[in-house]
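Participant: Sharing a structure below in structure tokens format, with a few things to ask.
The values are calculated or read from the model by the stated rules, or taken from the named source; none is laboratory data. Just so we're clear, the structure is a prediction, and the values are computed from it rather than from any experiment. Positions of Cβ are backbone-derived with ideal geometry, glycine not excepted, and every protein chain shown enters the neighbour counts. Protein only, heavy atoms only, side chains kept; ligands, DNA and RNA dropped before computing areas. Shrake-Rupley method; radii C 1.70, N 1.55, O 1.52, S 1.80 Å.
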Amino acid sequence: MTHKFKSVPVKSSEITPYSQYLSRRDFLKAAGIVGGAALLAACAPSVTESTVPESEASAIPGGKADELRDPANSYEDITNYNNYYEFTTDKEGVARLAQKFNPKPWTVEVYGLVNKPKTYGIEDLLSRFTQEERIYRLRCVEAWSMVIPWTGFTLASLLKEVEPTSDAKYVRFETVYRPEEMPGQKSPFYPWPYQEGLRLDEALHDLTILATGLYGQPMPNQNGAPIRLVVPWKYGFKSIKSITKIELVAEQPTTLWSMVGPNEYGFYSNVNPEVPHPRWSQATERRIGEFGRRPTLMFNGYAEEVAHLYAGMDLSVYY
Ligand code: MTE
């Protein structure tokens, strides 16, 4: 199968050390480029792109972009406008509250219906699996979106190692539970820990990744350090953050959002502009950094790669 999306292996020598990245930011700040730039982004996308570390410049003129040639959002946008209810429901407050979270040491337990269950340390995952860059659109169910240059590896490569048995039909994911570090987990309104699930064939699809960083930097806490799922053709809430458990199961697993709102957040949750959320339209979206709205694309623009997974399903019912 040929893929339109961009996948670029990242050599560790190419990853900008964070200190160097910061010093480049200081330089840009001194030049008046960083800060305030987001407001101007819609008129002058190249201004936001200039916050990208120099070593990250891609072959596309003007900086990083997805395969539809839409520019990546800035590091600042991606790390300061977040949904992470374990910290707070205030998107602009997550970054600050998440600073106290300590993602080291970290293990991910992969178990259930597999021949070779294994608990991986995060260092194992970073060294065993080739880290590559994937520039994906992220479309939140709330109708905002961003373009994010993730680094990570395919979930398929990890699942192959543990050898799912023939009874395994779904994959269940769980976020860490640490109410002392995650103040939102003290809220009784949500059934913690956050859980999500995929059908096994969705989990094995080459677009599905476990992301360990963005813009060539380790994953920031507010984006789901040290490792999170990214499933770009589904609404953003399927892309569960700070994963500690991956379980292969026979039955469709329950998910946090389907427990909270069974009529609003289904198991599949594929991006579909034709099926409105019960409380708002999904036909258009607000790309962070742009004025106005743009049309939402079927399967978030990945229909060519994934539509076959749902052949024969009524997509207006299996939301
Ligand atoms: N994962 C956990 N554990 N907790 C959350 O609240 N929010 C989801 C998803 N993963 C969430 C989560 C939602 S609604 C979205 S849109 C994306 O994370 C946002 O990812 P970002 O903050 O990296 O843009």
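Participant: Inspect all residues belonging to the range 157-180 and state whether any of them is touching a residue at least 12 places away in the same chain (Cβ under 8 Å), in contact with a Ser or Thr (Cβ under 6 Å, 6 or more places away or on another chain) and more than 11 Å from the ligand (Cβ to nearest atom).
Facilitator: No, the range 157-180 contains no residue that is touching a residue at least 12 places away in the same chain (Cβ under 8 Å), in contact with a Ser or Thr (Cβ under 6 Å, 6 or more places away or on another chain) and more than 11 Å from the ligand (Cβ to nearest atom).
Participant: Something else: Name the one entry in Glu181, Glu202, Glu196 that is open to solvent by 30 Å² or more (accessible area, probe 1.4 Å) and among the acidic types (Asp, Glu). Before the answer, list the steps.
Facilitator: Details: Glu202 fails: open to solvent by 30 Å² or more (accessible area, probe 1.4 Å); Glu196 fails: open to solvent by 30 Å² or more (accessible area, probe 1.4 Å).
None of the other options fit; the residue is Glu181.
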